[in-house]
Structures are given as structure tokens and as C-alpha cells.
There are 2 protein chains.
Amino acid sequence: MINIAIDVMAGDLDIDVNIYGALDALDDLDGSFSIFLVGEENLILEKMKFKKNKYPQCVHIVHASSFIKMDAKIADFRSDKNSSMYKGIELIKKNDADAFISIGNSGAILANSLTILGRIKGVSRPGFAIPMPSKNGVKILIDGGANADAKKEHYLHFALLGEQYIKTIFSKKNVKIGLLSIGEEPSKGNSLSLEAYNFLLEHCSGFIGNIEGNDLTNDKDVDVIVTDGFTGNIALKSIEGLAELIRGSLILESKKSLKSIFGLFLLKSSLKNIYKRLDYRQYGAVPLLGVNGLVYVGHGKSDQATVKNAVKAAVLGVNSQLFESLKESVAKNIVNTRNII
Amino acid sequence: MINIAIDVMAGDLDIDVNIYGALDALDDLDGSFSIFLVGEENLILEKMKFKKNKYPQCVHIVHASSFIKMDAKIADFRSDKNSSMYKGIELIKKNDADAFISIGNSGAILANSLTILGRIKGVSRPGFAIPMPSKNGVKILIDGGANADAKKEHYLHFALLGEQYIKTIFSKKNVKIGLLSIGEEPSKGNSLSLEAYNFLLEHCSGFIGNIEGNDLTNDKDVDVIVTDGFTGNIALKSIEGLAELIRGSLILESKKSLKSIFGLFLLKSSLKNIYKRLDYRQYGAVPLLGVNGLVYVGHGKSDQATVKNAVKAAVLGVNSQLFESLKESVAKNIVNTRNII
């Protein structure tokens, strides 16, 4: 039986979203896995009263007396081993859980994962693998913000982790890997990206060269886009900001005339389809690739349906043996380049 | 009389856009300036036959026997002193023109501007100042891509140049300067942005701290956003890519049903208003701040109306004494920090 642990205390909204979202996933997947709800036991029991639980044998509560706040600084949580996040990740370490999910403070998830689980042997830095909205199929950006500073070899690690993730979860073959830069020519970039370019060219067979910011969301034939976490985070948030601006402007503009209100009404389902593609909620949560265990991180604003999708993503990850395949790929590819690095 | 030079041979489209766009600007501004059309003389004369020229005394042709291709590499143009771009920039150096405009290869414009004009005394690196789409008012991002690698002092130079530009052209007071990073807290960033943060805090009175990618296009109260040219270019192109994705998706989605087609039709003017804000065309061209002269760079895909706006932007820059005010501000502020740098 697959065991999934979830940090119930995390997120910007009420903890309901985590508990009820997890139970909804259990319903959707016909009780085919076990869920560990990690958090304040009495609080969880209280909340459970208001939700029908079709698979009580699949639901376990793991008590945690504290939790890590969304805006906590690293000094605040470093030594807190009683937090729901720490205890949840520990369940992987103890082999009680196959995957862990949290919609909490992503810096804390990263730090605690590194402390408790460590990294896959051969990987220097883990990275967030973020699915990008695009016309056809899925592509991912890695690193979405785990590490602000990168060295050339980290790009190779991101490339191999991302490639294996795309292969395992999205069943793609011949995965194409691009480097985020400021022009297609090999000579375009900053000093770090130029170093990374040459390193990838030498060690990464799926490397297709530089890609640009607009390729993150257009038809460009690329599956994995590697970048440092600083650039990755800024690109993602820039895209998020514009999506918000257009959505807000459409509502505002359309209020200016009856004609526009009616137009917006007629276009509603089309717009919904478009924004669905831009929406993190469909993916539920993204994996933190490279740590020594399966860790999924969701948006702090995730609602119940999003948490449900996150739990289902984690179950799919375990079922697809994502973690084992990542470890194998790293052992085969990265360890081979280690003497060169 | 104000003198504007334009590189007629530049751009992805026919050179018509430059010649006719410049003449349109002359019409709009009632012949209140002189224009130097720099390029192949016979070609220009031929094209001029098909356009009414209300102010012939304001139009001068400067012959250039070659031109720099849009995809030229630096080695291709470094020594070409007969190109329309080189000759156009030279007109500023010779005091024959007050400003130069090109919708050509931006790397070549940067390189030639540095070779011919040099930098304003005190400025280490020039930067492209890019207006950002936002709900209220204008904010600019600098550097939009002139220099891929930056040092901490460049951020201060970008801040001061951007501040003066916003003050002079958009009449803003108390200009607020933000640093593009991955979190609002001073501790968030990569090693370079953290250095820049502390340097700006010490030397830049308008500095308000870190801002994030989504703040580029949201309501955040900031006027000048400083970043290195690598991050700036990727953020801008990411935004451009999403704007294209949404525009394309709207058309595609709306074709799926008659209801949606009608909805799109009714919303057309609202959508136009939104995309106008996102469109580089309204600004015509952006200034390359920090070189020793007024240089405007436009998008290679600029059409006639965009070139008209570019010429008008250059006229406004000269009329507002933008260059003089930049020089003054740099002399007052940057030279003072020089002994510390």
C-alpha cells in the first residue's frame, strides 16, 4: 500500500483545505492509498467530524505539537523538530511514508528536506520542477527557485532530474533540454550561463541549446528548461504578474460598456480554459527534485481541490516509481561526470 | 531647431516604415524639427517619391553605402564606418544631430554608441530603459538587456539614470526605486543582488528595497526597477511570451463556438485597450541611457506608426533636455560615490 504524508498545518487558508483535500483524493482514487495527516491531533479530529470519511482504515493522524509559519525565517524553524513539516518529512526518512506534501513555506520545506533526507547521491542541489503553460503538451522549468545561486554543474543536475521526471510522469521520450538565456546563439548569455552552456553541451545528450524567455510559454519544441533559481523565480513571477494583469484588466475594461459585459459573459468558458492552463491548481503541487525522497510543494494559497490534485500527483509519483528512477538516472549519468567536475 | 537622425536601413520590414514614419512625425509635429534620413541615398529618393512631403526644408538625406544586418555578429560590423548606423550615431558626435533612432540590431547600436559616443562620465555601463505595462502610470525596467553581466555599482548607475529619465520625461517626483529579486525581505536574492541591495541602500536615496517579478506589471508603488541585463531580458521576454499565448489562445478558443466568436467580437475594443498597454508600439522606442548622447532603440518589427512614435519620443527627449539632465544628475550623484566604489 502506498503511504502519503501531508503537512496539515500548512498554507494561507484554513487547515480544512489540507484535510478535506486529502480525503477527496482518497475518494477519487477509491481508497487505494494511505494518508498520514500530520498536525495538531485534536484540531484534526475536530475538523474530521464535518467530513464524511469513506475509507477510515486509510486515514492516520500523526500528532505534531507545533507548525512552521508561512513567513517564518530559517532561524525560527531550524531547531523545531516538533513541527508538522519536520515530522512529516521524517515519515519518509523512517520509511513510513513514500511521499510528503506541504503547501507551506517553501524555504522551510527545502531546508528541512535537506536536513532530514539529504540529497540523492551525486546531486549537488535540488530544484523545483515547475510545469509551464504552453499550447501543446507540458514543459517544465527547473530550478523554479530552490537555489538563488548556481554553478555550472547544477545545470546538468537540473537537466538530468528534469529529463527523468518528464520521462517518468509524462511518458515522453527523446526529452529536449534547453538553457534559459538571452538569445539563441551559443555566444549569448551572462558569464554563468555561458559556462553552463558549454558544460551541458559536453555532458548532456538531450541538450538543444539556448532558449529565450518567450519560449517558456510558446510552441518551442523543448521539454526541460534549466536555469538558476533566481532567474527561474523571476521569470515565473513575471508570467504570473501578467496573467493577473490581463485577467484584472479584462474585468475592468468589460465593465465599461454593456456590450463588453455581454462579450465577457459569452467568452467566459473560453477564458476559463485559457486560465486553467496558466493555473498552478491543475498540477496541485510540484516536486522538489534531487532530495533523497519524494517531496511535493504546493502554493500557499492552494484550496481544497488543489490539495486533492497535489495528493493525486504524489500518488502518481509513487506509483510511477519516480524517486527510484531519479536515483537510477543520477547514478548512471551524474556519477559518470563526477571526476570531470 | 532640433535635429533628429534616423537609421533608415534598419528593421525587419521594408525601409518604408522608417522614411514614412519619420515624415508622419514631422507632419504631426508641424515641421518643428529637422530629420536626417541616413541610408542609401538613391533608395531613399526613390521611396520619397511615393509620400507627400509637407516640410521639404526639414528633411535631409545623409548617404551611407552599407548597413548592419539585423542578425549581424559583432565581428561583422565592428569596422564598418560606412554603415547607416555608424554614420547616424556619428551625427550626434559631430553635433549635427541631437538624437539618433534605430530599429536595428540592438547589440550593434550598443557597440557603436559606445565606440563613437562613449559613456557619460561616471557611468560604467549604459542600460536600456523599458516601460512596463501596468494598471496605473508608467514604470521602467533598467537594464532591459544591454549588459548581461553586472556589478553592484552598475545597479546604482541604472537607478540614477532611470530616476532622472522618469523625472524628466514623465514628470514624476519622489521617484521610487526597487531592485528585482526573489522576495521582499532584504535577505532574499542571489549573491549579486544581495550585494546590489546593500550598495543601493547606502548610496541611493529613493531605494525602497526588493521587488518581485509580478511587481513588474502589478500595482506596486515603484517607478524604476533595476536589474542586470540578463535577468531583465528574460523577465521582459517571459512577459511578452505570455501576452502572445493569451492573445493566440483567445482567438483559438473563441473559434470553438459561435457564442465565443460573438463574445470576442463584443470584447474587441476592451482587448485592444489591454493589449495596447502591453504593446511596445505606443512607446515607439526606448532610450539607451548612459551613453554620451541621446540614442533611441526600437523593436525590429516596428511599423510606420511605431517609427512615428519613436521619432516623437526622441523629439520629446531633446525638448525636455533629457540628455543634459542625465549628465547633471550623474555628475552630482555618481561622481560623489566614486571614491567609495
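Read-outs: derived from the displayed coordinates by stated rules, not from any lab. Model, not experiment: these values are computed from the prediction. For neighbour counting, all protein chains shown are included, and Cβ atoms are generated from backbone atoms with ideal geometry for every residue, glycine included.
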Can you list the trypsin sites (Lys or Arg not before Pro) in region B:1-84 that are in a DSSP coil and have 15 or fewer other beta carbons within 10 angstrom? B:K49, B:K51, B:K52, B:K54, B:K69, B:K73, B:R78, B:K81
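From Cα pairs below 8 angstrom and at least 6 apart in sequence, can you work out the relative contact order of region B:204-341, rounded to a whole percent?
Relative contact order for region B:204-341 comes out at 13 percent.
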For the residue pair B:F265 and B:H60, what label-to-label distance in nm results when each label sits 7 Å from Cα along the Cα-to-beta-carbon direction? 5.4
Calculated FRET efficiency for the pair A:M1/B:A331, C-beta based, R₀ 60 Å, to 0.05: 0.25
Residues with amide H under 5 Å of A:N292's amide H, sequence separation 5 or more or different chain, H placed in the peptide plane at 1.01 Å from N; which? A:G118, A:R119, A:I120
DSSP beta bridges in chain A [antiparallel fraction, %, rounded to 5]: 20
Can you work out the Karplus-derived ³J(HN,Hα) for every residue in region B:317-331? Use 6.51 cos²θ - 1.76 cosθ + 1.60 with θ = phi - 60°, whole Hz, and x for glycine or proline. x, 5, 4, 7, 6, 4, 4, 4, 5, 5, 4, 4, 5, 5, 4
Loop trypsin sites (Lys or Arg not before Pro), region B:163-216, which have at most 14 other Cβ atoms in a 10 Å radius of their Cβ (DSSP): B:K173
Return the single residue from B:Y275, B:Y165, B:Y155 with maximal mean-square fluctuation; model: Gaussian network over chain B, springs between Cα atoms under 10 Å. B:Y275
Inter-part distance where region B:74-95 and region A:4-21 are each reduced to a Cα centre, Å: 63
What's the exposure ranking of B:R125, A:R119, going from fewest to most Cβ atoms within 10 Å? A:R119, B:R125
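Using 0.36 nm per residue of separation minus the Cα-Cα distance, give me the extension gain between A:N53 and A:E324 in nm, one decimal. Working shown, then result.
Values: separation 271, 0.36 × 271 = 97.56 nm, distance 3.17 nm.
Result: 94.4 nm gained on full extension.
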Going residue by residue through region B:138-150, the Karplus relation 6.51 cos²θ - 1.76 cosθ + 1.60 with θ = phi - 60° gives ³J(HN,Hα) values, rounded to whole Hz and with x marking Gly or Pro, of 10, 10, 10, 10, 9, 9, x, x, 6, 10, 6, 10, 10
From phi via Karplus (6.51, -1.76, 1.60), per-residue ³J(HN,Hα) for region B:37-51 in Hz, x at Gly/Pro: 8, 9, x, 5, 4, 4, 5, 5, 4, 4, 5, 5, 4, 9, 9
Stretch gain in nm, segment B:S32-B:K94, where the contour uses 0.36 nm per residue and the Cα spacing is subtracted: 20.2 nm
Percent RCO, i.e. relative contact order, over chain A, from Cα pairs under 8 Å lying at least 6 residues apart: 24
Per-copy distances of the A:N273 label point, shortest first, in nm (7 angstrom along Cα→Cβ): 2.6
Let me see the pair-distance distribution of the protein assembly as shown: every alpha carbon pair, 20 Å bin width, integer percents in order. 18, 46, 29, 7, 0
Please list, by residue number, everything in region B:102-123 whose backbone N is under 19 Å from a paramagnetic label point 7 Å out along Cα→Cβ of B:K69. B:103-112
Debye-sum result for region B:210-338 in log10 I(q)/I(0), which assumes one identical scatterer on each alpha carbon, at q = 0.22 Å⁻¹: -1.39
Can you list, shortest first in nanometers, how far A:L258 lies from the same residue in the other copies, with each label 7 Å from Cα toward Cβ? 2.3
Both in Å, the radius of gyration and Dmax of the C-alpha trace of region B:9-75 are 12.8, 41
Please work out how many pairs of lysine residues in region B:230-341 are eight or more positions apart (or on different chains) and have Cα atoms closer than 15 angstrom. 4
Counting other Cβ atoms within 10 Å, keep those with at most 14, restrict to DSSP loop, and tell me which trypsin sites (Lys or Arg not before Pro) in region B:194-276 are left. B:K255, B:K256
Run through the other copies and list how far each one's label point is from that of B:P56, in nm with one decimal, shortest first; the point sits 7 Å from Cα along Cα-Cβ. 9.9
Once amide H atoms are built 1.01 Å from N in the peptide plane, which residues 5 or more positions from B:V62, or in another chain, come under 5 Å H to H? B:L37, B:V38, B:G39
Only counting other Cβ atoms within 10 Å, I'd like B:D12, B:D228 sorted with the fewest neighbours first. B:D12, B:D228
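Dividing the alpha-carbon radius of gyration of region A:127-282 by 2.2 N^0.38 Å (N being the number of residues), what value is obtained?
Against the compact-globule rule of thumb, the ratio is 1.19.
Taking Cα pairs under 8 Å and at least six residues apart, what relative contact order does region A:143-279 come out at, in percent?
Once divided by the residue count of region A:143-279, the mean separation gives 31 percent.
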State whether chain B is rounded, prolate or oblate according to the following rule on the C-alpha gyration tensor (a ≥ b ≥ c being the square roots of its eigenvalues): a/c under 1.5 gives rounded; otherwise a/b larger than b/c gives prolate, and the remaining case gives oblate. oblate
